[in-house]
Amino acid sequence: MCAEQLSVYDAIRLRRDVRAEFTGELVDDDTLWRILSAAHRAPSVGNSQPWDFVVVREAATLRRFADHVAGKRVEFRDALPADRAATFDPIKIEGIVESGTGIVVTHDDRRGGPQVLGRASVPETGVYSTVLAIQNLWLAATAEQVGVGWVSFYEPGFLRDLVDLPEGITPIAWLCVGPVHEFQEVPDLERFGWRARRALTDAVHYEKFGG
Ligand SMILES: Cc1cc2nc3c(=O)[nH]c(=O)nc-3n(C[C@H](O)[C@H](O)[C@H](O)COP(=O)(O)O)c2cc1C
């Protein structure tokens, strides 16, 4: 489907966390820039725009990160009870090398100076803003038929060293980004029996929580 024809509702419906469906081709630079532009248009507390994007394509760096993530996967798996480990085993949790492009999304809490309008009593609004940039990126990529997979099986210190993050810059996500041959209709974790989606009726309350 052409990007102009996809409504925001279509993109929300089609968006998937992608692990196994990357074609192995690289996302082209113009498309990547459009996707990053969409991320950069996100709302942010006090208009602080606390995000940055580190685009990683060096094969050796992708490999090093993939090896680190593989180790964290084993740690997680080994801490599971036997039945959950059996459910987890076939689930792929990243497409770092196959996607060919990693985007490290970072957060700078000092961006916007000492008085960020709106953040005084809810400091987390800074990180919320960066996460909104990620969601914009994810939806724009979907509209471009480009897959995104969020990887969080890593030690933040490892990722910081891998891409030379300066003091005060926090890694928020590693995103695997690349063209896909399809988007699954059902999330992988549901397809593999790990955890299903909740019904909207369970998530919406009226007047009081639980109401
Ligand atoms: C903060 C965050 C971290 C995630 N980390 C991982 C991860 O490390 N590996 C993975 O395979 N999926 C990861 N995911 C993807 C979720 O598993 C996925 O979004 C969820 O199962 C729903 O599937 P869907 O995104 O296809 O709708 C992450 C998603 C979020 C929002």
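None of V127, V131 is over 19 Å from D17 (Cα atoms), of a type outside the set (G, A, S), within 12 Å of the ligand (Cβ to nearest atom) and assigned to a helix (DSSP H, G or I) except V127.
Among the residues of segment 37-72, the ones that are among the acidic types (D, E) and under 22 Å from T130 (Cα atoms) come to 1 in all.
Scanning segment 120-130 for residues that are within 21 Å of R15 (Cβ to Cβ) and touching a Phe, Trp or Tyr at 6+ places or on another chain (Cβ under 9 Å) yields S129, T130.
Quick check on my filter: what residues within segment 149-163 are of a type in the set (F, W, Y) and more than 13 Å from the ligand (Cβ to nearest atom)? F158 - this is the single residue of segment 149-163 that is of a type in the set (F, W, Y) and more than 13 Å from the ligand (Cβ to nearest atom).
Would you check if there is a residue in segment 2-13 being at pLDDT 95 or above, outside any loop (DSSP other than H, G, I, E, B), under 16 Å from the mean Cα position of the chain (by Cα) and within 29 Å of L165 (Cα to Cα)? No; the residues of segment 2-13 include none that is at pLDDT 95 or above, outside any loop (DSSP other than H, G, I, E, B), under 16 Å from the mean Cα position of the chain (by Cα) and within 29 Å of L165 (Cα to Cα).
Considering segment 175-195, and only residues there that are touching a helix residue (DSSP H, G or I) at 6+ places or on another chain (Cβ under 6 Å) and of a type outside the set (A, V, I, L, M, F, W, C), the residue that is farthest from the ligand (Cβ to nearest atom) turns out to be G178. If the condition is being within 13 Å of the ligand (Cβ to nearest atom), among the aliphatic types (A, V, I, L, M) and not in a helix (DSSP H, G or I), then segment 56-108 contributes I91, I93, V105. Residue pairs, Cβ under 6 Å, 6 or more apart or interchain, first in segment 136-156 and assigned to a helix (DSSP H, G or I), second buried (at least 22 other Cβ atoms within 10 Å of the Cβ). List them. Taking only residues 6 or more apart or on different chains, the pairs are N136/A39; L137/I35; L137/A39; W138/V148; A140/I35; A141/I35; A141/V148. Just so you know, in segment 102-125 the residues that are surrounded by 11 or more Cβ atoms within 10 Å (Cβ to Cβ) and among the hydroxyl-bearing types (S, T, Y) include one that is farthest from S48 (Cα to Cα), and it is T106.
The values are calculated or read from the model by the stated rules, or taken from the named source; none is laboratory data. If you're wondering where the values come from, they're calculated on a predicted model, not measured in any experiment. Glycine also receives a Cβ, built like all others from the backbone with ideal geometry; neighbour counts cover every protein chain displayed.
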